[in-house]
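To start, the structure itself, in structure tokens.
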Amino acid sequence: MSSPLPENESSRLESLRGFRILGTPCEPGFDDIAHLAALMCDVPVAVIAFVDEQRVWFKAKIGFEVDEIPRGDSFCTHAILQSDVLIVPDPISDRRFMNSFLVQQMGVRFYAGIPLTTVDSYRIGTLAVMDRVAHLMTAEQIDSLQILARRIVGELEIRRTKDAPSSHPRLHLIAPHRRSVTILIVEYDSVLRELLQRALEGYGFSVLPAANGAEAIHWSERHEGTIEIVVTDIVLSDINGFELAKRIRAARPETKLLFVTGFGDQIPKSFKYEADILEKPFLPSELLRKVDDIINQGKNATGTG
């Protein structure tokens, strides 16, 4: 397979190396982004890849074991040649990819990649999803990948601007909380629920996980302490998020509500005044910031701090 080069290849490589991301250890923040990409696109494989001079190196990977592959054996080499998404629906029949390592040895039968484009317009890598069977992408899934790709570049730009040491990289999130706050998460998708639980617990919150409204009501009735915040999707497997919110608020009027949804425009006005909204797709870091805002709003309202 040929390995085409961007016209600005020398400057592109200089930009990539300026981020000092190549060869750095795995980070939960980037792993979570890859996990979200796989989840939202309903595929088993997702990677955050950076295209170096001779190789493609994976900063994060889900369902994928190798740390790097030769540049000539990659879809990413072609993805960085264009500004929008590269979709390869049938690589086994595509002369560019049919003999590549990913197709022949890894069994890839579908690829979609969004270039990671810096503020200087250099495409340094990709956020990509892959499948081992034929797959279709919706417009909403492509939009979600584009949002996540912008988040990746944004974090890299922040790190470069602040000249963060490469030996201790981490995403720039809010500082850990040193207070006891209990959050009830209601999310039917087990992977997303566990991902959000891990993010919140990692920052010192106590988390009560629920897969549906019935489990959430159980926690509300049985939990002896305060539940400061309920984080719930609108669409649940039994009752909807609005009904759940009413029932929990009836028993715990002090509890704050945070709806996480892709249908924010469908939330009734009465709830918009009583609840916060976080639009899907979102990163764990955005959830943490939203939760922190809700807690600080409560402190300002009560005059505590």
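Normalise the Cα radius of gyration of segment 46-112 by 2.2 N^0.38 Å (N = residues in it) and let me know the number. Numbers along the way, then the final one.
On the way: Rg = 11.1 Å, N = 67, 2.2 N^0.38 = 10.9 Å.
Normalised Rg, Cα atoms only: 1.03.
Taking 32 Å as the limit for the C-alpha separation, the pairs K61/K280; K61/K246; K59/K290; K246/K280 exceed it in the case of K61/K246.
Evaluate the charge dipole of the chain about its Cα centre and quote only its size in Debye, nearest 20, assuming +1 on the Cβ of each Lys and Arg and -1 on the Cβ of each Asp and Glu.
Details: 34 positive and 42 negative charges, 116 e Å.
Here the chain has a charge dipole of around 560 debye.
Just add up the charged neighbours of R289: K/R +1, D/E -1, any other residue whose Cβ is under 14 Å from the Cβ of R289.
Details: positive: R151, K290; negative: E155, D276, E279, E286, D292, D293.
Summing Lys and Arg as +1 and Asp and Glu as -1 gives -4.
The translational diffusion coefficient of segment 89-141, from Stokes-Einstein at 10 °C and 1.306 mPa s with a Kirkwood hydrodynamic radius over alpha carbon pairs, comes to 129 µm²/s. Summing charges over all other residues whose Cβ lies under 10 Å from the Cβ of S74, with Lys and Arg as +1 and Asp and Glu as -1, gives 0.
For the pair I158 and A134, a Förster radius of 35 Å applied to the C-beta separation gives a FRET efficiency near 0.40, rounded to the nearest 0.05. Ordering of 234-245, 25-36 by packing is 25-36, 234-245, highest average first (other Cβ atoms within 10 Å, averaged per residue). When Rg and the Kirkwood radius Rh are both evaluated on Cα atoms of the chain, their ratio Rg/Rh stands at 1.02. For segment 192-226 versus segment 129-162, the spacing of their alpha-carbon centroids is 28 Å.
The packing ranking, built from the mean of other Cβ atoms within 10 Å per residue, places the peptides 199-210, 51-62 in the order 51-62, 199-210, highest first. Against the main long axis of the alpha-carbon atoms of the chain, helix 213-222 sits at an angle near 50°. Across segment 60-169, Cα pairs under 8 Å and at least six residues apart give a relative contact order of 21 percent.
Express in nm, to one decimal, how much length is gained between D90 and E221 on full extension, taking 0.36 nm for each residue of separation and deducting their alpha carbon distance. Working shown, then result.
Details: separation 131, 0.36 × 131 = 47.16 nm, distance 5.20 nm.
Full extension of this stretch gives 42.0 nm more.
Shown for segment 13-89: the carbon plus sulfur share of the solvent-accessible area, taken with all protein chains present and a 1.4 angstrom probe, equals 50%. Straightening the chain between R289 and E201 buys 30.3 nm, computed as 0.36 nm per residue apart minus the Cα-Cα spacing.
Using 0.36 nm per residue, how much length does the chain from I239 to Q105 gain when fully extended, once their Cα-Cα distance is taken away? It would help to have the intermediate numbers written out before the result.
Values: separation 134, 0.36 × 134 = 48.24 nm, distance 4.55 nm.
Gain on extension, I239 to Q105, equals 43.7 nm.
Rounded to the nearest 5, the antiparallel percentage of DSSP beta bridges internal to the chain is 60%.
The values are calculated or read from the model by the stated rules, or taken from the named source; none is laboratory data. Note that the structure is predicted; figures quoted are calculated from it, not measured. Virtual Cβ from ideal backbone geometry, glycine too; neighbours counted across all protein chains shown. Ligands, DNA and RNA are stripped out before the accessible areas are found, and what is left, the full protein with its side chains, is counted by its heavy atoms. Shrake-Rupley method; radii C 1.70, N 1.55, O 1.52, S 1.80 Å.
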